[in-house]
């Protein structure tokens with residue numbers, strides 16, 4: 001999943017954002033699992049970017065008042 005800008009996130013619907021957050025969390029879990037098992041990541045910054053994108057999406061969802 002690509003890292004997204006706030007403007008791109010704001011254009012999406014809340015349902016789409018919730019699906020995206022679920023996918024990003026799964027991808028982050030995979031990245032963390034690989035790091036924990038000693039596999040050197042191809043892109044060390046990817047975990048940080050995933051966390052930031054998840055936070056951005058959750059911020060927009062909460063701004064809209066549609067918490068899950």
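A few points about this structure:
- Within the stretch 36-68, the set of residues being over 17 Å from residue 15 (Cβ atoms), surrounded by fewer than 16 Cβ atoms within 10 Å (Cβ to Cβ) and touching a helix residue (DSSP H, G or I) at 6+ places or on another chain (Cβ under 7 Å) comprises 41, 46, 51.
- For the stretch 1-28, filtered to residues that are in a loop (DSSP other than H, G, I, E, B), surrounded by 11 or more Cβ atoms within 10 Å (Cβ to Cβ) and within 11 Å of the chain's Cα centre (by Cα), the residue that is modelled with the lowest pLDDT is 1.
- Residues of the stretch 29-54 satisfying the condition of being farther than 12 Å from residue 3 by Cα and outside any loop (DSSP other than H, G, I, E, B): 29, 30, 31, 32, 33, 34, 35, 36
The values are calculated or read from the model by the stated rules, or taken from the named source; none is laboratory data. All values derive from a computational prediction rather than experimental measurement. Glycine also receives a Cβ, built like all others from the backbone with ideal geometry; neighbour counts cover every protein chain displayed.
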